[in-house]
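The values are calculated or read from the model by the stated rules, or taken from the named source; none is laboratory data. No experiment lies behind these values; they were computed from the predicted model shown. So basically every Cβ, Gly included, is an ideal-geometry build from the backbone, and we count neighbours across all protein chains shown.
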Amino acid sequence: MGEPGFWDDNESAQKTVVDLKSLKAIVGPMDELHSSAEDLTALFEMAEEDDSIAEEVTSEIVRLEKILEELGLKALLNGPNDSAGAILSINARDGGTDANDWADMMLRMYSAWAVGEGFTIELLDRQENEEAGINHASIAVRGSMAYGYLKGEEGMHRLVRISPFNSEGKRQTSFAAVSVAPEIDDSIEIDIDEKDVREDRYRAGGAGGQHVNKTDSAIRLTHLPTNIVVQCQNERSQHQNRATAWKMLRAKMARLEEEKREAEDARKYESQARTGFGSQIRNYFLHPDQRVKDARTGHYVGNFNSVLDGSELQGFLDAFLRLKAGKIAAGS
C-alpha cells in the first residue's frame, strides 16, 4: 500500500484494503490474546499477595474469553468465498401489502446491522410497491467476512403482527424471502456462456423527475439453463446497469456452485448443514407478544425491535455458525 501508484487502480486498491482489514481482524485479536495472557500471569501472582486484585483478574478472564470466542466463530468462516462481500436480495412473498412492508423492514434491518458492524452498503436494485414497502431490493454488503456471516440468512422469514393495513385490526402473517450470494471480483473465473443469457431492457422506476421512465436503462438478465434472474436499475446508465447485473449474475452462479458443494457435504455427514432457499428459517412476532426465534438453531430474542434495528441480529448469525460447525463435527 505504500508503493507509488497504489491508488492508480482504485478497484484493485480497494480490494487490497479489504484484504488487509480481513487479516487484521484475525491477527489483531490473536496478538492481543498472546500479550494479555502474559499480563494475566503477572496479575495472578499479584492476586496471591493482594486479594483486592482478584476482581480485576476475573474481569480480565471474562474479557479474554469473549475475544477467544469471537476468534473461534471467525475460524468457522472458512468457506471458499466467506471472506468476500455479499449481495443480499429481499423479495416480498405471501401476505399482500403486509409482505411488501415486511420486505422493506428487513432491508432496513440488514442495512442497520451492516453499518453497526462497520460494513459499507451499496443499493443495487429497489422496486417500490405502489401501496407500501417494496417488491424487491438488492444490496451489496462489503467488508471482512460479510458473506460468511450473511449466507446463513438465506431462506424464508415469517412475520406475525396486527396488520397496519387492515382496518379491522386483524392479525396478519407475512413472508419475505432472502437470497445471499458472494460478491465475486474479476480475479475469480466464473464460466458463463453469453449465449445462455437473455437480456431484457425496461424502463427504470423512480421517485420522479424529467428523466424518469424516458429510456430503457434498466437491465434484467436471465440465465436460461438455471433460470437465475438478476436485475439492476439503480445506476445512471444502461451500460452501468448491465455491468452491475452481470456482476450479480456471476455472484449467483458462484453461490450455485457453493450450494452443490454443501449438498455433497450434507450427504457425506448424513445431515444438511444449512437450510435451503424457500424454507422458513425464522419467525418474528409482534402479536400476541414480542419475540424472534430461529427455527433451525432455537436462538431466541424477546425484544422484536432490538433485532429489527440490527443490534441483536448478530446473535442469530453466530448461532447458525455454531450449528453448522456442530453438525460437521458430529458427522466427522
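Once the range 237-252 is narrowed to residues that are without any contact (Cβ under 8 Å) to a residue 12 or more places away in the chain and over 23 Å from the mean Cα position of the chain (by Cα), the residue that is surrounded by the fewest Cβ atoms within 10 Å (Cβ to Cβ) is H239.
Applying a threshold of 7 Å to beta carbon distances and a minimum spacing of six or more residues, or different chains, the list of pairs starting in the range 112-140 at a residue that is under 15 Å from Q233 (Cα atoms) and ending at one that is part of a loop (DSSP other than H, G, I, E, B) reads L123/N234; L124/N234; D125/Q233; D125/N234; R126/N234; Q127/G205; E128/G205; N135/N129.
Run down G143, G133, G169 and say which single residue is of a type in the set (G, A, S) and touching a Lys or Arg at 6+ places or on another chain (Cβ under 9 Å).
On the way: G133 fails: touching a Lys or Arg at 6+ places or on another chain (Cβ under 9 Å); G169 fails: touching a Lys or Arg at 6+ places or on another chain (Cβ under 9 Å).
Testing whether each residue is of a type in the set (G, A, S) and touching a Lys or Arg at 6+ places or on another chain (Cβ under 9 Å) leaves just G143.
Within the range 255-314, track down each residue that is among the hydroxyl-bearing types (S, T, Y) and either touching a strand residue (DSSP E or B) at 6+ places or on another chain (Cβ under 7 Å) or modelled with pLDDT of 85 or more (or both).
First, the residues of the range 255-314 that are among the hydroxyl-bearing types (S, T, Y): 269, 271, 275, 279, 284, 297, 300, 306, 311.
T275, S279, Y284, T297, Y300, S306, S311 - these are the residues of the range 255-314 that are among the hydroxyl-bearing types (S, T, Y) and either touching a strand residue (DSSP E or B) at 6+ places or on another chain (Cβ under 7 Å) or modelled with pLDDT of 85 or more (or both).
Any chance you could count how many residues in the range 99-120 are within 18 Å of K21 (Cβ to Cβ) and in a helix (DSSP H, G or I)? Looking only at that region, the number is 4. For the range 159-179, taking the residues that are in a loop (DSSP other than H, G, I, E, B) and among the hydroxyl-bearing types (S, T, Y), the one that is surrounded by the most Cβ atoms within 10 Å (Cβ to Cβ) is identified as S163. Determine whether S12 is among the polar types (S, T, N, Q), farther than 27 Å from Y149 by Cβ and in a helix (DSSP H, G or I). In short, no. The residue pairs whose first member lies in the range 54-67 and is free of Cβ contacts under 8 Å to residues at least 12 places away in the same chain, whose second member is surrounded by 14 or more Cβ atoms within 10 Å (Cβ to Cβ) and of a type in the set (A, V, I, L, M, F, W, C), and whose beta carbons are closer than 7 Å, counting only pairs six or more residues apart or on different chains, are A54/A47. Could you look through the range 66-105, keep only residues that are of a type in the set (S, T, N, Q) and within 27 Å of W246 (Cβ to Cβ), and pick out the one that is farthest from the chain's Cα centre (by Cα)? If we take residues in the range 66-105 being of a type in the set (S, T, N, Q) and within 27 Å of W246 (Cβ to Cβ), then N91 is farthest from the chain's Cα centre (by Cα). I'm checking my understanding of the structure. Among residues of the range 115-131 that are aliphatic (A, V, I, L, M) and closer than 19 Å to M248 by Cα, which one is modelled with the lowest pLDDT? Going through the qualifying residues, I end up with L124.
Taking the stated definitions as given, is T226 surrounded by fewer than 19 Cβ atoms within 10 Å (Cβ to Cβ) and either assigned to a strand (DSSP E or B) or in contact with a His (Cβ under 7 Å, 6 or more places away or on another chain) (or both)?
So T226 does not fit the description; no.
Scan the range 91-108 for residues that are in contact with a Phe, Trp or Tyr (Cβ under 8 Å, 6 or more places away or on another chain) and not polar (S, T, N, Q) and report the count.
Here the count works out to 9.
Determine, yes or no, whether D19 is surrounded by 10 or more Cβ atoms within 10 Å (Cβ to Cβ), outside any loop (DSSP other than H, G, I, E, B) and either at pLDDT 85 or above or at positive phi (or both).
Numbers: surrounded by 10 or more Cβ atoms within 10 Å (Cβ to Cβ): yes; outside any loop (DSSP other than H, G, I, E, B): yes; either at pLDDT 85 or above or at positive phi (or both): no.
Judged against the criteria, D19 is not a match.
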